[in-house]
Amino acid sequence: MATLRWGSAWKISTREVRAARGKFLFVLLSVAIGVAALTGVRSFSASFRRTLLTEARTIMAADLSARMAAAPSPSEQKQLDTMAQQGLRMTQVTEMISMGSTARDPNPVLISIKAIDPAEYPFYGTVKLNPAGALSTILTDDSVVVAPNFLDRTHANVGDSLRIDGKEFRIAAVILDEPDRLSSNVSIGLRVMMTQRALQATGLVTPGNSATQHYLFKLPQQNDSAVASAKSALENALPEAMIVDYREANPALTEGLDRATDLLSLMSLVAMVLGAIGVGMSMRAHLQQRLDSIAIMKSLGASSQQIMRVYLLQTLLLGAAGGLLGVLLGLGVQGALPLVFERLVHIPPNFHLEPAAIITGFATGLLTTLLFTLPPLLDIRTVRPASIFRRSVEESSSLRWQDRMKQHRAQILAAVVIFAGLAAIAATLSDSALVGRWFAAGLAVTFGTLLGGAALLLAGLRALLRGARLRLPQPARQGLANLYRPGNQTAAVLAALGTGVMLVAAVFFLQRAIISDLQLSSASNLPNIFLLDIAPDELNGVRTLLQAQPGERGEPEMIPIVAAHIVSIDGVPAKQVKLKNFSRRSLQRMQLSWSDALPPGTRVLQGSWWQPGTQSPQVAIGPKEAQRLGVQLGSHIVFGAEDQQIDAVVSAIIKSDGQHGYSRMEFILPQAALAGLPSTWFGGVHVDPAQVAAVQRTLYAAYPSVTVIDVADAMETIRTLILQVTQVVQFLAAFSIFAGAVVLASSVAGTRYRRIREIVVLKTLGATRGRIAAIFSVEFAVLGLLAGGVGVCFAVLLTRVLLPKMDIDFHVQWGAAAVTILLTMVLTNGAGWLASWRLLGQKPLAILREE
C-alpha cells in the first residue's frame with residue numbers, strides 16, 4: 001500500500017462506485033439536477049432574451065434612432081458614412097406638418113407627413129396595410145398611404161387623389177399597423193406616409209423649415225454591447241441629436257426584461273449552490289460509511305495522501321458523470337421548452353443551443369463537486385487505524401472551543417477555499433466580480449449564522465426535552481433525542497437544508513414580486529389611444545363621451561399642456577447652455593404640464609414629489625432630459641410662457657413607464673406654478689382594439705378639432721411581450737424550485753446510511769417497526785420545521801435587500817412563507833422515509849456480525 005499509484009487508486013475508486021451504485025445515485029442526482037437547472041435556465045433564458053429583444057426592436061423599427069432638427073452637417077455626414085462602411089445601416093425618416101386636400105373634400109386639412117425610404121424602412125417589424133401588400137411595392141413616388149382617420153375626416157376612399165402643395169398623389173392603402181408609431185413624435189394632423197423622393201418633389205423641404213429628421217440605424221451585430229458602443233459613437237458624431245436605443249423605446253418592457261434577467265441569473269446561482277449542497281452532504285455520508293475501509297488501508301501502511309487520491313478520483317468521476325448527465329438533461333429542457341412556449345405564448349421556436357451555457361454548466365458541476373467534497377476529504381487525515389475498534393462517539397465534546405478551532409484548521413481553510421471558488425463561479429455566471437464577492441460573502445455569513453443558529457436551537461431543544469421528559473411520549477422523546485445523539489451531524493444538516501430552503505424560497509418570493517410588478521405593466525386598461533388638442537371647454541364633454549363608449553375601459557387620463565420655452569438654466573441664457581445630444585432649437589418648443597399628485601406609471605428616482613397645493617415653482621424632469629440639459633436636483637430652470645417667466649427648482653428626477661399619458665410630458669410642475677396660462681389638453685384612454693375605429697368616428701363627429709392617435713396595436717404588442725416575459729419567468733422559476741426540491745430531498749435521503757445501525761440496535765432491543773417509524777417521523781418533522789423556519793426567515797431578509805434594488809416594493813408574503821415551512825417539513829419527511837423505509841426490513845444479524 002505504500003506505493004499506491006494513480007492507476008491503483010483509480011481501480012479502487014471505480015470498484016467502490018460499482019459496488020455501491022445506489023449510494024452514489026444521490027451524488028449523481030445532486031450534480032445532475034444542479035447542472036441541468038443551470039444549463040437549462042441559462043440556455044433558455046439567453047435564447048428567449050435574444051428572441052424577445054428582436055421583437056422589442058419592432059417598437060422602434062430599429063436598433064438605434066437619432067432625432068435632429070436639421071439634416072446632418074457635412075462633417076457629421078462624413079462620420080455617418082464611415083460607420084456605414086463598418087456595417088451600420090441607416091435610413092432617413094422626415095416628419096413635418098403641412099396642408100392637404102382631396103377631390104371629395106376640397107377644404108384643406110392639417111396633415112402630418114412621414115417620409116421614408118420603403119426599400120429600407122422598417123428595419124424591424126412590418127407596416128400592415130389595407131389592402132394587404134408589401135410597403136415597398138404599394139408605396140411609390142406617386143402614391144401615399146394614410147391613417148384610417150384620414151379617410152373618415154376627408155370622406156375619401158382608397159384610390160382617390162390627395163393634393164399636397166400643388167402635387168397630386170394617389171391614396172394607395174390605409175395603414176393598419178406602423179411598427180414605430182408608439183416611439184414617434186405625437187404630432188397634430190392626419191397621418192400621411194410617402195417616400196422621401198415624393199416629399200422632395202413637393203418642395204416643402206427648404207432650409208430653415210420645421211421638418212424633423214429622424215434617422216433609424218440597424219447594427220450588423222445584435223447584442224447589448226454592440227448597441228451601447230454604437231450609441232456612444234453616434235452621440236459623439238451627432239452632438240445635437242437625441243440618440244435613443246431600442247431598450248429605451250418602452251421602459252416597462254425593458255425594465256421587466258432586465259428584472260427577469262436578474263431573477264434568472266439568481267436562479268442559475270441557486271441551482272449551482274443547491275447542487276453543491278447535495279454533493280457535499282452525500283459525499284460526507286459516503287465517506288463516513290467508508291471510515292472502516294480507510295482505517296484498514298492506513299493499518300496496511302497507506303498514507304492519508306494516498307487514500308485521498310482514491311476519493312479524489314472518485315469525486316472527479318462522479319462529478320464528470322453527473323455533469324454530463326446534467327448537460328444532457330439541460331439540453332432536453334432546452335429542446336422541449338421552445339415547443340411548449342410556442343403554443344403557450346406564441347414565441348417562434350427559433351432558439352438554438354448556447355455552447356457557453358453548456359460549458360459553464362459542466363465546469364460548474366465539476367468544480368462545485370470538488371469544492372464541496374474538500375472538507376470530507378480532509379477528514380481522512382484525522383482517521384486513525386483504531387477507528388475499526390471504536391465507533392463514532394463524541395470524542396471532542398469536552399474540548400474547549402479554542403482546541404476545536406485548532407483541530408479543525410484544515411476544515412476552516414477548506415471553507416475559505418469553497419467560498420472563494422463560489423465567488424469565482426458566481427462572478428462568471430453574473431458577469432460581475434462585485435456580484436461574485438457579495439454572493440459568496442452573503443452565503444458565507446448566512447451559512448455561518450445558520451450553523452450557529454442550528455447549534456443554539458438544538459441546545460435549546462435539548463434543554464426543553466430534559467425539562468419535559470416525563471410529559472412527552474416515548475417515540476417523540478426518542479425522535480427529538482436523535483437530533484443530538486453522539487456523532488450526529490444535525491447542525492450541519494440543518495445549516496445545509498436551511499441554506500437550500502432560503503435560496504429556493506428567495507427565488508419564489510422574488511418571482512412573485514416581479515410577476516406582480518410585470519402584471520401592472522401589462523394591465524388591460526392602459527391607454528392605447530391618445531387625443532390631442534382638446535380645448536379646456538371641451539374637456540368634460542370628451543371625458544363623458546369616452547366613458548359612454550362600449551369598448552372603453554378604465555378612467556380616461558387627461559393631461560394639461562402649456563406651450564413654453566427655456567429662458568435660462570442655472571443663470572446661463574438658453575443660447576449659451578451646453579447641451580448634450582439635445583437640439584438647441586428644441587429649447588424654444590417645450591411642453592409643460594402640471595400635476596399635484598405623482599402621476600400613474602411614474603416613480604421618483606431622486607429628490608421628492610411636492611405636497612398637494614404647493615405654491616412654489618418646482619419641476620420634475622426625467623433622467624435623460626436632466627442629463628441632456630445638464631441639470632440636477634436644486635438646479636434652476638427659467639421657463640417662458642406667454643408674457644410670464646417661471647423660475648422653477650428641480651425637486652425630483654422621475655422615470656415613467658412609457659405606458660401612460662404623463663410619460664410624454666418633458667416637464668411637470670405644480671398646478672399653482674402654471675395657473676392662468678393658456679393650455680390645451682392631452683388625453684389617453686384604453687379602448688378595445690376592435691372598437692377603436694368606431695370611437696374615432698364618434699369623436700370626430702362631436703369634436704372635429706380633436707386628433708386621435710391610435711397606438712392600440714403597438715400597445716397590444718408590448719402587452720403580449722410582457723406577458724411572455726411573465727409566463728417564462730414563472731415557468732423557469734417553477735423549474736428551478738422543483739430542481740432545488742429534488743436536490744434537497746436527495747440530500748436528506750443521503751443520511752440513510754447513518755441510520756442502519758440505529759435501526760438494528762433498536763430492533764435488537766425489541767422495538768417494533770411502528771415505534772421506529774414514529775421515532776424517525778418525529779425527527780424528520782422537527783428537522784424540516786427547523787430548517788424551513790430558519791430558511792424562510794433568511795429568505796425574507798434576502799428578498800428585503802434585493803427588491804428595492806430592482807425598484808420593486810417589498811411586502812412580507814406571510815401565506816407563502818407559512819406554506820414554504822410546511823412544504824419543507826413534508827419534503828424532509830417524505831425524502832427521509834423514501835430512503836429509509838427499506839431499512840426497517842433490515843435483519844439485525846447481518847449488521848451485528850460486522851461488530
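The values are calculated or read from the model by the stated rules, or taken from the named source; none is laboratory data. Predicted model, so just to flag it, every value in this text is computed and none were measured. For neighbour counting, all protein chains shown are included, and Cβ atoms are generated from backbone atoms with ideal geometry for every residue, glycine included. What goes into the accessible areas is simple: the full protein's heavy atoms, side chains included, and nothing from ligands, DNA or RNA. Shrake-Rupley method; radii C 1.70, N 1.55, O 1.52, S 1.80 Å.
Applying a threshold of 7 Å to beta carbon distances and a minimum spacing of six or more residues, or different chains, the list of pairs starting in the range 122-139 at a residue that is under 17 Å from residue 159 (Cα atoms) and ending at one that is open to solvent by 70 Å² or more (accessible area, probe 1.4 Å) and outside any helix (DSSP H, G or I) reads 129/176; 130/176. Residues considered: 181, 191, 170. Of these, the only one that is open to solvent by 50 Å² or more (accessible area, probe 1.4 Å) and either in contact with a helix residue (DSSP H, G or I) (Cβ under 6 Å, 6 or more places away or on another chain) or modelled with pLDDT of 80 or more (or both) is 170. Exactly one of these conditions fails for residue 653: (1) assigned to a strand (DSSP E or B); (2) closer than 26 Å to residue 538 by Cα. Give me its number. Among (1) assigned to a strand (DSSP E or B); (2) closer than 26 Å to residue 538 by Cα, the lone unmet condition for residue 653 is (2). Look at (1) in contact (Cβ under 8 Å) with a residue 24 or more places away in the chain; (2) of a type in the set (S, T, N, Q); (3) surrounded by fewer than 16 Cβ atoms within 10 Å (Cβ to Cβ) and you find that residue 581 fails only one, number (3). Name every residue in the range 296-307 that is buried (at least 18 other Cβ atoms within 10 Å of the Cβ) and in a helix (DSSP H, G or I), in order of residue number. Matches in the range 296-307: 297, 298, 306, 307.
From the list 27, 31, pick out the single residue that is open to solvent by less than 20 Å² (accessible area, probe 1.4 Å), of a type in the set (A, V, I, L, M), assigned to a helix (DSSP H, G or I) and at pLDDT 75 or above.
Values: 27 fails: at pLDDT 75 or above.
Answer to the check: 31.
Cβ-Cβ distances below 9 Å connect the following pairs, each with a first residue in the range 142-167 that is in contact (Cβ under 8 Å) with a residue 12 or more places away in the chain and on the phi > 0 side of the Ramachandran plot, a second residue that is part of a strand (DSSP E or B) and open to solvent by less than 40 Å² (accessible area, probe 1.4 Å), and a separation of six or more residues or different chains: 155/102; 159/171; 159/172; 165/98; 165/100.
Taking residue 94 as the residue in question, decide whether it is open to solvent by 50 Å² or more (accessible area, probe 1.4 Å), under 30 Å from residue 226 (Cβ atoms), of a type in the set (S, T, N, Q) and under 40 Å from the mean Cα position of the chain (by Cα).
On the way: open to solvent by 50 Å² or more (accessible area, probe 1.4 Å): no; under 30 Å from residue 226 (Cβ atoms): yes; of a type in the set (S, T, N, Q): yes; under 40 Å from the mean Cα position of the chain (by Cα): yes.
Spelling it out, it is not the case that residue 94 is open to solvent by 50 Å² or more (accessible area, probe 1.4 Å), under 30 Å from residue 226 (Cβ atoms), of a type in the set (S, T, N, Q) and under 40 Å from the mean Cα position of the chain (by Cα).
Output yes when any residue across the range 628-638 is of a type outside the set (Asp, Glu), under 16 Å from residue 672 (Cβ atoms) and under 34 Å from the mean Cα position of the chain (by Cα), and no when none is. Scanning the range 628-638 turns up no residue that is of a type outside the set (Asp, Glu), under 16 Å from residue 672 (Cβ atoms) and under 34 Å from the mean Cα position of the chain (by Cα). If only one of 632, 659, 615 is at pLDDT below 85 and in a loop (DSSP other than H, G, I, E, B), which one is it? None of the others qualify; the one that does is 659. Could you check, for the range 347-360, whether at least one of its residues is at pLDDT 70 or above, open to solvent by 30 Å² or more (accessible area, probe 1.4 Å) and closer than 29 Å to residue 384 by Cβ? Looking for residues that are at pLDDT 70 or above, open to solvent by 30 Å² or more (accessible area, probe 1.4 Å) and closer than 29 Å to residue 384 by Cβ, one finds none in the range 347-360, hence no.
Residue check: residue 127 meets all listed conditions (1) of a type in the set (Val, Ile, Thr); (2) under 33 Å from the mean Cα position of the chain (by Cα); (3) over 30 Å from residue 722 (Cβ atoms) but one, namely (3). Taken over the range 534-551, the residue count meeting the criterion of being open to solvent by 60 Å² or more (accessible area, probe 1.4 Å) and of a type outside the set (Lys, Arg) is 7. Applying the criterion of being in contact with a His (Cβ under 9 Å, 6 or more places away or on another chain) and farther than 13 Å from residue 708 by Cα to the residues of the range 649-696, the residue that is most open to solvent (accessible area, probe 1.4 Å) is 649.
Of all residues in the range 456-466 being of a type in the set (A, V, I, L, M) and modelled with pLDDT under 75, which is surrounded by the fewest Cβ atoms within 10 Å (Cβ to Cβ)? Step through it out loud before you land on a result.
Taking the range 456-466 and keeping what is of a type in the set (A, V, I, L, M), we get 456-459, 461, 463-465.
With modelled with pLDDT under 75 added as a condition, the list becomes 457-458, 461, 464-465.
On the way: 457: 19, 458: 19, 461: 17, 464: 12, 465: 16.
Per the criteria, the residue is 464.
Taking the range 552-566 as the range and being surrounded by fewer than 17 Cβ atoms within 10 Å (Cβ to Cβ) and either among the hydrophobic types (A, V, I, L, M, F, W, C) or not in a strand (DSSP E or B) (or both) as the test, only 563 passes.
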